[in-house]
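The values are calculated or read from the model by the stated rules, or taken from the named source; none is laboratory data. Owing to the predicted nature of the structure, the values given are computational and were not obtained by experimental measurement. Cβ: placed from backbone, ideal geometry, glycine included. Neighbour counts: every protein chain shown. Surface accessibility is based on the protein's heavy atoms, side chains included, excluding ligands, DNA and RNA. Shrake-Rupley method; radii C 1.70, N 1.55, O 1.52, S 1.80 Å.
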Amino acid sequence: MADFLYHQSNGLSEQSVSALHSLLAELKHPLKKGNRIGIKLHWGEKGNRSFLPPVFAREIVQWLQALGTKPFIFDTTVLYSGSRRTGEDSLRTAAEHGYSETYLGCSVVIADGMDGRDVVDIPAGFKHFETVQVAPVFDQADGFVIFSHFKGHLASGFGGAIKNISMGFASRAQKQRMHADVHPILKKKKCTRCGICVEVCPTGAAQFADDEYPAYDLDLCIGCAQCIGLCPELALEIIWETDNQIFQEKLVETAAAVWKKIKGRSIFINAMLNVTTDCDCLPGNNPVIAPDAGFIGGFHPVAVDEESVKRVGAEAFNKTHPHVNWRRQFSYSREIGFI
Ligand code: SF4
Ligand code: SF4
């Protein structure tokens, strides 16, 4: 099989839908009749105006249905407050952005559960992560279509296929582990003393203290971030600061662990349309940093992202995020054999 296929197109228009249609028709995929296929994508945070419109997802659904497979669309809950923190909010946002079951013709699900607690640990075996915690989708689907909006990103420089199977599959706790070295910091004013952090703490580090608020024994804390990820009140501070190179490496390690579970039964499609400064998690109208380039389809997330960078032009990301060493995603992928 060729490493990837490319179809040029411009704009969020009929021409782009037909470019995607042609690419799908030519792709020599591993998906089989009767397979249940999970389509992983991002339907945009409320207020974001640069997310991909659902017409492309519908094109993929219709292609999969014509192959005799049974597609469904999924995403995971996020770490921060906003319109995708809970499954219920996220599905509402999806529907508002046109990602409804009626329009798409297949189900739309939250893969880590409506409360973000349906998660699984899978082996990683890398220097930052021995295991990674992700949504348990691997047995729910026979194959995957990883459909990514390729654009800039504040922390990773660019976001495409690698990020979609990394941050996109990750549990809230795993998202926190990638963003920072973790320990809980309580904001008492927000805490309702519900006890969830104590319940989910795997080491007993989180306990109710004498003043009846939870306290966290940092000698016992292993930095798993379960408490931060699952606190319903966001009463535990989310810590975003981390060494950027380490962030890139953690992003790649999580993607590589997911890749081991889905390789040989997945295809990757990057849409290089509306290539904006930042990701679809940010509200507002993010500026466009490069002309539309169309679609790339392939079988390995690193190859598809590398080719996408070439097509869009590295300069766009260098200029927009000059302090982000985004190339580390590619060099580290090679170092750990994720190629
Ligand atoms: S989960 Fe959050 S709100 Fe509940 S007790 Fe822990 S810190 Fe407080
Ligand atoms: S980060 Fe993990 S180990 Fe530490 S207190 Fe929270 S749940 Fe417990």
Task: Spatially proximal aspartates and glutamates relative to Lys250 (Cα-Cα < 14 Å; intrachain offsets below 8 disregarded) - done: Glu130, Asp181, Glu241, Glu335
- [ ] Could you list, in their original order, any pairs among Lys263/Lys310; Lys28/Lys260; Lys28/Lys310; Lys32/Lys127; Lys190/Lys261 whose Cα atoms are separated by more than 31 Å?
- [x] Lys32/Lys127; Lys190/Lys261
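Calculate the FRET efficiency for Tyr103 and Leu154 from the Cβ-Cβ distance with a Förster distance of 30 Å, rounded to the nearest 0.05. Intermediate results must be reported in sequence, preceding the final value.
Working: r = 30 Å, r/R0 = 1.01.
Plugging the Cβ-Cβ distance into 1/(1 + (r/R0)^6) gives 0.50.
Sum -39500 (n - 2.57) across every DSSP H segment of at least 4 residues in the chain, then divide by the residue count to get the 222 nm mean residue ellipticity, nearest 500. Please list the in-between numbers first.
Numbers: 12 runs with 109 residues, N = 339.
Calculated from helices alone, the mean residue ellipticity at 222 nm is -9000 deg cm²/dmol.
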- [ ] Identify all lysines with a Cα-Cα distance to Lys33 below 17 Å; exclude those on the same chain that are fewer than 8 residues away in sequence.
- [x] Lys70
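Ignoring ligands, DNA and RNA, what accessible area per residue does segment 181-230 give at 1.4 Å, in Å²?
Value returned for segment 181-230: 59 Å² of accessible area per residue.
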Open item on the list: Can you list residues from other chains, or at least 5 along the same chain, whose modelled amide H is less than 5 Å from the amide H of Ser266?
Closed with: Phe144
Open item on the list: Just to be sure I understand the model, the point goes 7 Å from the Cα along the line to the Cβ. What's the resulting Asp210 to Lys190 distance in nm?
Closed with: 2.8 nm
- [ ] Counting only C-alpha contacts under 8 Å and six or more residues apart, can you give the relative contact order of segment 181-230 as a whole percent?
- [x] 43 percent
- [ ] Residues in segment 39-80, backbone N under 19 Å from the label point at Glu96 (7 Å along the Cα-to-beta-carbon vector): list them, ranges by number please.
- [x] 42-55, 75-80
Task: Pair Asp181, Thr131: separation of 7 Å Cα→Cβ label points (nm) - done: 2.3 nm
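Relative contact order of the chain: what whole-number percent is it, with Cα pairs under 8 angstrom and at least 6 residues apart? The partial results should precede the final answer.
Working: 734 pairs, mean separation 79.5, N = 339.
Value for the chain: 23 percent.
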TODO: Along Cα→Cβ, 7 Å out, is where each label goes; now give me the distance between the ones at Leu220 and Glu241 in nm to one decimal.
DONE: 2.8 nm
